[in-house]
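> Structure provided below as structure tokens; questions to follow.
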Amino acid sequence: MKFKYLIGILFLLISVAPKAQKRAEVLEKQLEIIRTSPDNHEALLYVCEHYLKQGDYSKTVTYAEYMKNLKSAQEHPFILLNAHLYLGRAQMMSGREKAARKNLDAALEWATKLKNDSLLCTLYGALGEYAANIDADYYQAIQWIYKGIELAQVNRHKQQYGLLLSQLANTYYLKRDGNGLKYALECYELGCELQDNYLTYSGAIQSAYMYFLNKQHTQAMAYVQEAEVLMKQNNFYDQAHTFNLLGQLLDELGNYPQAMEYYQKAMKDKQTSQTSSVVYAHLGYARVLMKQGEYTEAVSLLKQGIAISQARTNAVHRNELYETLSICYERQHQYQEALNAYKHFRIENDSIFNKDKERDLSEMRYRYDTERQENLIKQGKLDMLEKEQHLQQLSFLLVIIVVVLGLLYYLYHRKNKLYLRIVLQNQEAIKRENELSKRIEELQNKENTPEKYASSSLSDEKSLELFRRLERMMREEKIFKDNTLSKDKVAELLDTNRTYLSRIINEQAQTSFTHYINRFRIEEAIRLLSDPSNDTPLKALASDLGFNSISTFYNLFQSSVGMTPAQYRSKVKELEKLR
């Protein structure tokens, strides 16, 4: 078990740090956007959320106030709603309860008007926090949180649902009710499922607290260690909450020095932690001192905790502070002070615990658990239906893929047969190459044709003779392989001029000089490539045939044959294997 948790913590250390760095980069980018575009409410929303999670409430208030005063906020209630919500949450955490309540009520009014279920879930959670931390009314807090949970379930807001479960578990802990464990564990599992570090941290720390409350210290230590890793790597706010639990666990194990170190860390974290966490750090530290008989120091710490609780209007743990203070005075034989402290304890305690509220809460919890089970069943059916639909979609997609692949195979097979047929035809044509030599003799037997150039002094007989000599130089001497071959050069070889040469080729071959030369080059290329044993690289082959550019060779070959030289060579070798 311990090994499994150590592996999990090591994984978190490796995987979370880059994400934290990335978040810092994103924050800087959003701040730059605000500097260049001060009315960009999307960047403002990101910055407010970031600073709230980091426990920097003064910056949260600064940017939320700025967002509330934007001209666009008056025209877009959604911006105003978010501004009030961030102001209310940050002010609540920093002890400005009246301003917090005013902003939370304004946000609730806007969210109800706009019917924004997502923000309503967050609002219900914030109002639950207010009831628990400011009023110490855990029953009202649970009612708000249940409303949020119900809305999150209906709208399938998984992240908000998980955060509300964490708040619910925390409220049960404040009531010292171990029934909150199932909600904490559900939050933790959901965080792991969604790969949400904050949700996983919230579930882990609340699970640790609930296990501690149930005297299961081994499980509590495993979860709080995981929470501490996530907290430090992500720099989550309210770190005193985690330090307090580590202090309590070490106190139970009798490790007082280390327990006091954690409580001291918690007390120093006043700026970014909830008041209730800072107050409890004083309470826990005082209890450790009492176990060591240092009552005077304990009394001082308890009084400091009460002062912070009253200054920030946060009643959480105040009843415990007075009760512990009464015990301290009693052990110092200061009975009058002990009695006064105990009276305050009873007043605080009676305002928190009420039998009628307990009964209402039990009924509410029963209803929630019943509805939760029904929702789980419904969700299971929906998940099954979604899986069936997903399977049908995959089946349909698979059929389409098979049809497309079949069509592609058919086209490829057809094209392949065509290529092979072209190669075969060319190879047969090469076998009849000797017959091409008869072309010159056939030209001699041709009847006289009308002169195309009436004004030419070049006779038909001379024209035929020159063309025969040209064909002989092309086929026997293969002068076309000269990459510098030109009209002037050929005319000089034939002892004529370029004008007569052009007319001869035009009359006898019905083409231009360039096309005439390239026709012989391509024919020679076909002959060479039709030989399976010829492995001359195509670039070298193109150069040997007189082409100055391999791209020109490729284009002319494909235009003439219907495939590239590389494809032609491949099909020749394929035919050779079939024989």
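The values are calculated or read from the model by the stated rules, or taken from the named source; none is laboratory data. Given the structure is predicted, the values throughout are model-derived calculations rather than measurements. Glycine also receives a Cβ, built like all others from the backbone with ideal geometry; neighbour counts cover every protein chain displayed. SASA here: full protein model, heavy atoms, side chains in, ligands and nucleic acids out. Shrake-Rupley method; radii C 1.70, N 1.55, O 1.52, S 1.80 Å.
> Residues to consider are 105, 117; find the one that is touching a helix residue (DSSP H, G or I) at 6+ places or on another chain (Cβ under 7 Å), of a type in the set (Asp, Glu), surrounded by fewer than 18 Cβ atoms within 10 Å (Cβ to Cβ) and within 23 Å of residue 88 (Cβ to Cβ).
117
> Report every pair of residues separated by at least 6 positions or lying on different chains whose Cβ atoms are under 7 Å apart, first residue within the stretch 504-517 and in contact (Cβ under 8 Å) with a residue 24 or more places away in the chain, second part of a loop (DSSP other than H, G, I, E, B) and surrounded by fewer than 19 Cβ atoms within 10 Å (Cβ to Cβ).
That search, which allows pairs on different chains as well, returns 505/511; 507/452; 517/485.
> Here's a follow-up. Of the numbered conditions (1) surrounded by fewer than 17 Cβ atoms within 10 Å (Cβ to Cβ); (2) within 35 Å of the chain's Cα centre (by Cα), residue 216 fails exactly one; give the number of that condition.
For residue 216, the exception is condition (2).
> Among the listed residues 469, 503, which satisfies the condition of being in contact with a helix residue (DSSP H, G or I) (Cβ under 9 Å, 6 or more places away or on another chain) and open to solvent by 70 Å² or more (accessible area, probe 1.4 Å)?
None of the other options fit; the residue is 469.
> When the residues of the stretch 120-134 are narrowed to those that are under 23 Å from residue 277 (Cβ atoms), part of a helix (DSSP H, G or I) and open to solvent by 10 Å² or more (accessible area, probe 1.4 Å), which ends up modelled with the lowest pLDDT?
Looking at the filtered set, the residue picked out is 133.
> Next up: Does the stretch 217-233 contain at least one residue that is in a loop (DSSP other than H, G, I, E, B) and in contact (Cβ under 8 Å) with a residue 12 or more places away in the chain?
no
> Select from the stretch 249-270 the residues that are under 27 Å from residue 89 (Cβ atoms) and open to solvent by less than 20 Å² (accessible area, probe 1.4 Å) and write down the one among them that is modelled with the highest pLDDT.
263
> Just to be sure, is residue 97 in contact (Cβ under 8 Å) with a residue 60 or more places away in the chain and surrounded by fewer than 19 Cβ atoms within 10 Å (Cβ to Cβ)?
When the stated conditions are applied, residue 97 passes them.
> Tell me which of these residue 567 doesn't satisfy, since it passes every other one: (1) out of contact with any Lys or Arg (no Cβ under 9 Å at 6 or more places or on another chain); (2) assigned to a loop (DSSP other than H, G, I, E, B); (3) in contact (Cβ under 8 Å) with a residue 24 or more places away in the chain; (4) surrounded by 13 or more Cβ atoms within 10 Å (Cβ to Cβ).
Tallying (1) out of contact with any Lys or Arg (no Cβ under 9 Å at 6 or more places or on another chain); (2) assigned to a loop (DSSP other than H, G, I, E, B); (3) in contact (Cβ under 8 Å) with a residue 24 or more places away in the chain; (4) surrounded by 13 or more Cβ atoms within 10 Å (Cβ to Cβ), residue 567 fails exactly one: (2).
> Taking interchain pairs and intrachain pairs at least six residues apart, which have beta carbon atoms under 9 angstrom, with the first residue in the stretch 238-256 and closer than 25 Å to residue 129 by Cβ and in a loop (DSSP other than H, G, I, E, B) and the second at pLDDT below 90 and among the charged types (D, E, K, R)?
Short answer, once both residue conditions are applied: 238/269.
> A further question follows. Among the residues of the stretch 528-547 satisfying the criterion of being open to solvent by 70 Å² or more (accessible area, probe 1.4 Å) and modelled with pLDDT of 90 or more, which is farthest from residue 483 (Cα to Cα)?
So the residue we want is 537.
> Next question. Would you pick out the residues in the stretch 135-179 that are among the aliphatic types (A, V, I, L, M) and open to solvent by 30 Å² or more (accessible area, probe 1.4 Å)?
Result: 151, 154, 163.
> I would also like to ask the following. Being loosely packed, with under 15 Cβ neighbours inside 10 Å and either basic (Lys, Arg) or in contact with a His (Cβ under 6 Å, 6 or more places away or on another chain) (or both) is the filter here; which residues of the stretch 479-497 pass it?
489
> Can you tell me how many residues within the stretch 271-292 are within 40 Å of the chain's Cα centre (by Cα) and surrounded by 15 or more Cβ atoms within 10 Å (Cβ to Cβ)?
Result for the stretch 271-292: 10.
> Being free of Cβ contacts under 8 Å to residues at least 12 places away in the same chain and of a type in the set (Asp, Glu) is the filter; apply it to the stretch 32-53 and report the residue that is nearest to residue 202 (Cα to Cα).
That would be 42.
> I would also like to ask the following. Looking only at residues that are under 15 Å from residue 244 (Cβ atoms) and open to solvent by 10 Å² or more (accessible area, probe 1.4 Å) in the stretch 293-308, which one is farthest from the chain's Cα centre (by Cα)?
301
> Is it the case that residue 449 is exposed (fewer than 13 other Cβ atoms within 10 Å of the Cβ), at pLDDT 50 or above and not in a helix (DSSP H, G or I)?
no
> Of a type in the set (A, V, I, L, M), within 24 Å of residue 332 (Cα to Cα) and touching a residue at least 24 places away in the same chain (Cβ under 8 Å): is that true of residue 267 in this structure?
So residue 267 does not fit the description; no.
> Keeping to the stretch 556-579, report how many residues are within 15 Å of residue 517 (Cβ to Cβ) and at pLDDT 90 or above.
Residues meeting the conditions: 2.
> So, of the residues in the stretch 199-213 that are under 14 Å from residue 243 (Cα atoms) and of a type in the set (A, V, I, L, M, F, W, C), which turns out to be nearest to the chain's Cα centre (by Cα)?
204
> For residue 311, work out the one condition from (1) open to solvent by less than 60 Å² (accessible area, probe 1.4 Å); (2) at pLDDT below 90; (3) not hydroxyl-bearing (Ser, Thr, Tyr) it doesn't fulfil.
(1)
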